[in-house]
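Where a number appears in this text, it was derived from the coordinates with a stated rule and is not lab data. Worth saying up front: this structure is predicted, and the values here are computed from it rather than measured. No Cβ is skipped: glycine too gets one built from the backbone with ideal geometry, and neighbour counts run over all protein chains shown.
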Amino acid sequence: MWSPNAAVREGFRKIALPLAALCVLGVSGLHAQDRDFLSTDEVEQVRQTQEPNARLMLYNKFAEARILQVEDLLKTEKAGRSVLIHDLLEDLVDILDTIDTVADDALRNNMEIAEGMQDVAKRHTAMAEKLKKIDQMELSDRGRYQFQLQMAIDTVEDSLELAQEDLAKRKGDVLAKDKAEKTEREALRTPQDVAERKEADKKQAELDKKSGRTRKAPSLYKPGEKPGSQPGKPN
């Protein structure tokens, strides 16, 4: 769901993160742009987990694992750990953002996610506390991951706020945002675009009627995904 804090955070990330990578980590830090924030095994677990509550809980576990890895790295000061910490925190932010996306998509499709959101609220509370403790540590290399650490703190707090929100209200906000975006897109379309879209919809409806085709039930799988598929490989 959109929120002013999330929008400001995302805009700041787009501008400041590449600059921070260049100035603090050096050109080698740009390798993060080619990384996936989930491992191949984690991607497969997500694909196997279709039910939204279970998927939310799974992402929570991935997020907790990143924080545990950061905590382990902070126990021993050694060369190169700041890059690893930075990347783990960056992955954490992406995972937390994905949790919000999964929840919003489920609400759009009228899926029940009360159990999953309770788990999010509980685990995000603990995550926020751990990240704040890390932020209080005075370490010589903290400047190299401080920006990403603050991003993680802000993101988990925003996600926690959403998790504690009334689900009916959150669903209403999500649908209202979708409607506003659709209206904005429609305003940018030319009369020819509108006419072509109406004609295409009419033809599709006629084909569906003749073939007896029905729409598929809502799914959390992305296009082309199915259990057992591998990233980047045909099914």
In sequence order, calculated HN-Hα J values of segment 115-130 (Karplus, 6.51, -1.76, 1.60; Hz; x Gly/Pro)
5, x, 5, 5, 5, 4, 4, 5, 6, 5, 4, 5, 5, 4, 5, 5
Treat each spin label as a single point 7 Å out from the Cα along the C-beta direction, and report the M111 to D135 distance in nm.
3.1
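Looking at this model, which pairs from K132/K169; K169/K210; K78/K122; K179/K209; K171/K210 are more than 31 angstrom apart at the alpha-carbon? Before the final figure, lay out each step's value.
Working: K132/K169 29 Å; K169/K210 39 Å; K78/K122 33 Å; K179/K209 27 Å; K171/K210 35 Å.
From K132/K169; K169/K210; K78/K122; K179/K209; K171/K210, over 31 Å: K169/K210; K78/K122; K171/K210.
Size of the dipole of segment 124-197 about the Cα centre, Lys and Arg at +1 and Asp and Glu at -1 on the beta carbon, nothing else charged, in debye to 20?
Values: 14 positive and 17 negative charges, 29 e Å.
The dipole magnitude comes to about 140 debye.
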Segment 142-160 residues near the modelled K78 label - backbone nitrogen below 16 Å, point 7 Å along Cα→Cβ
none
Rounded to whole Hz and in sequence order, give me ³J(HN,Hα) for segment 142-148 from the Karplus expression 6.51 cos²θ - 1.76 cosθ + 1.60, θ = phi - 60°, writing x for Gly and Pro.
5, x, 7, 10, 4, 4, 5
Residue-ordered couplings for segment 79-93, obtained by feeding phi - 60° into the Karplus form 6.51 cos²θ - 1.76 cosθ + 1.60 and rounding to whole Hz (Gly and Pro as x), are 4, x, 5, 4, 5, 5, 5, 4, 5, 5, 5, 5, 4, 4, 4
